[in-house]
Amino acid sequence: RAAAAAAGAGAGAGSVAEDKKWLLCDLEEGWNHLEEGWNQVASFKSSASTSSSSTLKLPSSMKVMDDKGNVSSVAVSSGEVVACLGLPPPPGGWYGPFGFFRLVSYAFVGVAGLGVLFALSSLVCLDFFGFLAAALLTVAALVSAAASYAHEGLANEVTEMAKQNDQFAQKNDKLTEQVKELGGVADKLQSIEKDLGVNMDQLKATLEAMHRQTSIQQLATMLSAFCDADRDGDKNQRLTNSEVSDFFDSSDAVLRGACPTFDFEALKQLALTVGIGLYAMRFMVNALIASGDDNPHKSTAELSLIMFCFDPEHHLESCLADLRLVLTDTSEEELRSILQEKKDKFAIAAENGRIPCKDLHDISHRVMTFDATGAKSPSASRSPKSP
């Protein structure tokens with residue numbers, strides 16, 4: 001009997017342990033299913049809240065268990081449902097606050113439609129007060145719909161202003177960095193003065209001498225490019241067609257270094273049509289020399305004079321704008337009249353209306369000799385001299 005009792009007790013203990021094991025397995029499996037369900041719900045909410053398209057994401061299938069305990073997937077939808085008849089979504093999607101304002105505006109539009117129907121019905125029944133009430137209802141509903149829909153315009157304006165503020169903040173940060181770098185340049189210049197034992201004036205004189213030497217080398221490069229291109233072509237001291245391409249291929253880097261912001265591709269296209277003569281080359285040399293001047297607009301003005309000579313009809317305004325930046329002692333009307341006079345007097349109709357560059361040499365001389373801090377530029381009527 002004791003042995004049987006002991007055996008029964010052992011069996012009971014084993015049964016309890018087995019029941020605990022199965023219970024833990026069931027709890028673990030249930031927790032996994034619950035976690036999977038929460039993940040699906042969270043992903044659905046995230047897609048629904050962040051989506052700004054005109055469709056809603058829905059589950060495309062669901063799991064079903066049959067009588068025998070087998071689990072299978074059954075398709076329930078295509079996975080997408082058109083939201084609000086496919087209308088363009090508002091900012092933030094249909095689930096955001098502006099989606100609510102959009103729906104309210106649609107509701108007021110529907111009320112306005114009902115007001116129109118009531119007004120027509122009142123007219124048929126000759127009900128003046130009913131017609132007046134329906135008209136007031138229609139107007140009030142339309143005003144309310146417009147007020148509700150106006151929130152989207154406000155949201156778009158605020159978003160645009162936020163983007164501009166971000167851009168300005170980035171520019172301010174960049175400007176701050178540049179100012180810091182300028183402070184570092186000043187410190188480096190002071191250290192150079194101490195190390196070399198020279199003052200700032202001597203350093204500037206040395207840099208100007210180096211710039212003159214570099215300009216001479218660049219000038220030699222550009223003149224060599226002109227001579228080589230002319231030597232390989234017609235040898236008539238004027239570049240045309242393929243000679244123009246050869247010249248710009250050799251001197252493009254030098255010209256862009258003198259005036260990086262100028263459109264040399266447009267200059268090349270015009271030069272292919274009318275050609276490049278010696279006076280046009282003189283204007284380019286002036287632009288190269290003026291690149292080291294205190295007024296950086298002189299280079300652009302010289303090159304703009306070439307563009308005006310090549311095509312006076314389309315480049316008068318741009319040339320006028322560049323000349324005004326240099327010849328500040330001359331009014332816009334006076335400069336315009338000078339350029340217009342040159343165009344009317346010297347334009348060659350048989351050559352696409354171009355003006356020979358030698359006829360604008362007096363303006364080029366004024367540009368090169370103008371000193372904004374000192375005396376004014378020489379008059380255009382004065383006999384020109386080579387700069």
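The values are calculated or read from the model by the stated rules, or taken from the named source; none is laboratory data. Since the model is a prediction, treat every value here as computed from it, not as a measurement. Glycine gets a Cβ as well: all are built from the backbone with ideal geometry, and neighbour counts include every protein chain shown. Only protein heavy atoms, including side chains, enter the accessible area calculation; ligands, DNA and RNA are left aside. Shrake-Rupley method; radii C 1.70, N 1.55, O 1.52, S 1.80 Å.
Taking Cα centre as origin and charging only the Cβ of basic (Lys, Arg, +1) and acidic (Asp, Glu, -1) residues, the dipole magnitude of the stretch 142-253 rounds to 340 debye. Solvent exposure of the stretch 87-206, expressed per residue, is 72 Å² of accessible area, with all protein chains present and a 1.4 angstrom probe. Averaged per residue, the stretch 214-359 has 48 square angstrom of accessible surface, using a 1.4 angstrom probe with ligands and nucleic acids left out. The protection proxy used here, the mean number of other Cβ atoms lying within 10 Å of each residue, ranks peptides 212-223, 244-255, 306-317 as follows, highest first: 306-317, 244-255, 212-223. For the pair L132 and Q213 in one chain, pulling the backbone fully straight at 0.36 nm per residue adds 20.2 nm over the alpha carbon distance. Once both labels are positioned 7 Å from their Cα atoms along Cα-to-Cβ, the gap between A162 and V179 label points is 2.8 nm. Relative to one another, the C-alpha centroids of the stretch 162-239 and the stretch 259-308 are positioned 18 Å apart. Measuring nothing but protein heavy atoms, the accessible surface of the stretch 199-249 at 1.4 Å probe radius is 50 percent carbon and sulfur.
Distance distribution P(r), the stretch 255-348, all Cα-Cα pairs, bin width 5 angstrom from 0: 3, 14, 24, 26, 20, 11, 3, 0 percent.
When Rg and the Kirkwood radius Rh are both evaluated on Cα atoms of the stretch 210-275, their ratio Rg/Rh stands at 1.00. As an equivalent ellipsoid, the stretch 191-300 spans semi-axes of 34, 14, 10 angstrom, where each value is the square root of five times an eigenvalue of the C-alpha gyration tensor, largest first.
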